[in-house]
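See structure below.
The values are calculated or read from the model by the stated rules, or taken from the named source; none is laboratory data. Model, not experiment: these values are computed from the prediction. Every residue, glycine as well, gets a Cβ built from its backbone with ideal geometry; the counts of neighbours run over all protein chains shown. Note: areas computed on protein heavy atoms with side chains; ligands, DNA, RNA excluded. Shrake-Rupley method; radii C 1.70, N 1.55, O 1.52, S 1.80 Å.
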Amino acid sequence: MAFTNYNDLKTTVANYLGRSDLTSAIPDFIALAETRMARELRTRQMLKSVVADLLSGDAKIALPGDFLQMRDLFTRGNPRSPVTYMSPSAFTRDARADETGLPVFYTILQSEFQFAPIPDGDYELELLYYAKPPFLSSTQPSNVFLANYPDALLYGS
């Protein structure tokens with residue numbers, strides 16, 4: 001059976017299970033499969049590009065809500081300048097975190113990016129990161145996993 005939306009996937013999972021007593025658990029099985037796929041997969045279909053403003057004197061910005069993992073980070077301008085990741089301990093020790101200037105390093109602490117040196121002006125950042133797809137539901141009938149990896153989603157469910 002071909003499935004292209006959430007309801008079709010639930011029906012296919014039910015057919016594979018062959019047990020009517022598990023029908024109410026199928027949405028949980030699907031959600032658990034999606035959680036595992038988001039934790040382990042990093043594919044080009046999951047990449048997302050956003051622009052964020054880094055304000056003068058403020059070395060922190062919040063992570064996007066759907067953030068999984070960073071791919072590339074640049075300050076916009078001519079030329080673009082890469083911003084290099086440092087582990088939190090290396091960042092604290094070596095990143096020139098008390099200086100001001102064009103940010104050239106970043107780390108991730110809890111739910112924020114932290115940059116060094118502290119920005120001496122307003123900068124636009126371009127973030128290319130792996131985004132967590134929204135969970136499937138009756139109001140979200142498809143997502144990256146169902147559109148591109150339906151077999152893995154079925155198997156995981």
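Give me the pairs: first residue in segment 61-73 and under 17 Å from residue 87 (Cα atoms) and assigned to a loop (DSSP other than H, G, I, E, B), second residue open to solvent by 60 Å² or more (accessible area, probe 1.4 Å) and small (Gly, Ala, Ser), beta-carbon distance under 7 Å, and six or more apart or on different chains, which are they?
Note: pairs meeting the criteria are 63/111.
Mind counting the residues in segment 113-134 that are out of contact with any helix residue (DSSP H, G or I) (no Cβ under 8 Å at 6 or more places or on another chain), open to solvent by 20 Å² or more (accessible area, probe 1.4 Å) and either assigned to a strand (DSSP E or B) or farther than 26 Å from residue 93 by Cα (or both)?
Count: 6.
I'm trying to understand the selection: among the residues of segment 69-97, which are closer than 16 Å to residue 121 by Cα, open to solvent by less than 90 Å² (accessible area, probe 1.4 Å) and modelled with pLDDT of 90 or more?
First pass over segment 69-97, keeping only residues closer than 16 Å to residue 121 by Cα: 74-78, 80-81, 83, 97.
Now restrict to residues that are open to solvent by less than 90 Å² (accessible area, probe 1.4 Å): 74-75, 77, 81, 83, 97.
Matches in segment 69-97: 74, 75, 81, 83.
Contact list please: Cβ distance under 6 Å, first residue in segment 25-44 and free of Cβ contacts under 8 Å to residues at least 60 places away in the same chain and in a helix (DSSP H, G or I), second residue surrounded by fewer than 17 Cβ atoms within 10 Å (Cβ to Cβ) and not hydroxyl-bearing (Ser, Thr, Tyr), pairs at least six apart or on different chains.
none
Right, residue 30: more than 27 Å from residue 127 (Cα to Cα) and touching a Lys or Arg at 6+ places or on another chain (Cβ under 6 Å) or not?
Numbers: more than 27 Å from residue 127 (Cα to Cα): yes; touching a Lys or Arg at 6+ places or on another chain (Cβ under 6 Å): no.
When the stated conditions are applied, residue 30 does not pass them.
Could you pull out the residue among 101, 65 that is closer than 18 Å to residue 143 by Cα and out of contact with any Gly (no Cβ under 6 Å at 6 or more places or on another chain)?
Numbers: 101 fails: closer than 18 Å to residue 143 by Cα.
After applying the criteria, what remains is 65.
Residue 145 passes all but one of (1) open to solvent by less than 40 Å² (accessible area, probe 1.4 Å); (2) touching a residue at least 24 places away in the same chain (Cβ under 8 Å); (3) farther than 19 Å from residue 38 by Cα; which number fails?
Of everything listed in (1) open to solvent by less than 40 Å² (accessible area, probe 1.4 Å); (2) touching a residue at least 24 places away in the same chain (Cβ under 8 Å); (3) farther than 19 Å from residue 38 by Cα, residue 145 misses just condition (3).
Out of curiosity, is residue 2 under 16 Å from residue 145 (Cα atoms), open to solvent by less than 90 Å² (accessible area, probe 1.4 Å), without any contact (Cβ under 8 Å) to a residue 40 or more places away in the chain and among the small types (Gly, Ala, Ser)? Don't jump to the end; show me each part of the working.
On the way: under 16 Å from residue 145 (Cα atoms): yes; open to solvent by less than 90 Å² (accessible area, probe 1.4 Å): yes; without any contact (Cβ under 8 Å) to a residue 40 or more places away in the chain: yes; among the small types (Gly, Ala, Ser): yes.
It is true that residue 2 is under 16 Å from residue 145 (Cα atoms), open to solvent by less than 90 Å² (accessible area, probe 1.4 Å), without any contact (Cβ under 8 Å) to a residue 40 or more places away in the chain and among the small types (Gly, Ala, Ser).
What residue, of 108, 61, is more than 30 Å from residue 155 (Cα to Cα), at pLDDT 95 or above, buried (at least 16 other Cβ atoms within 10 Å of the Cβ) and in contact with a helix residue (DSSP H, G or I) (Cβ under 9 Å, 6 or more places away or on another chain)? Spell out how you get there, then give the answer.
Details: 61 fails: in contact with a helix residue (DSSP H, G or I) (Cβ under 9 Å, 6 or more places away or on another chain).
Result: 108 is the single residue among 108, 61 that is more than 30 Å from residue 155 (Cα to Cα), at pLDDT 95 or above, buried (at least 16 other Cβ atoms within 10 Å of the Cβ) and in contact with a helix residue (DSSP H, G or I) (Cβ under 9 Å, 6 or more places away or on another chain).
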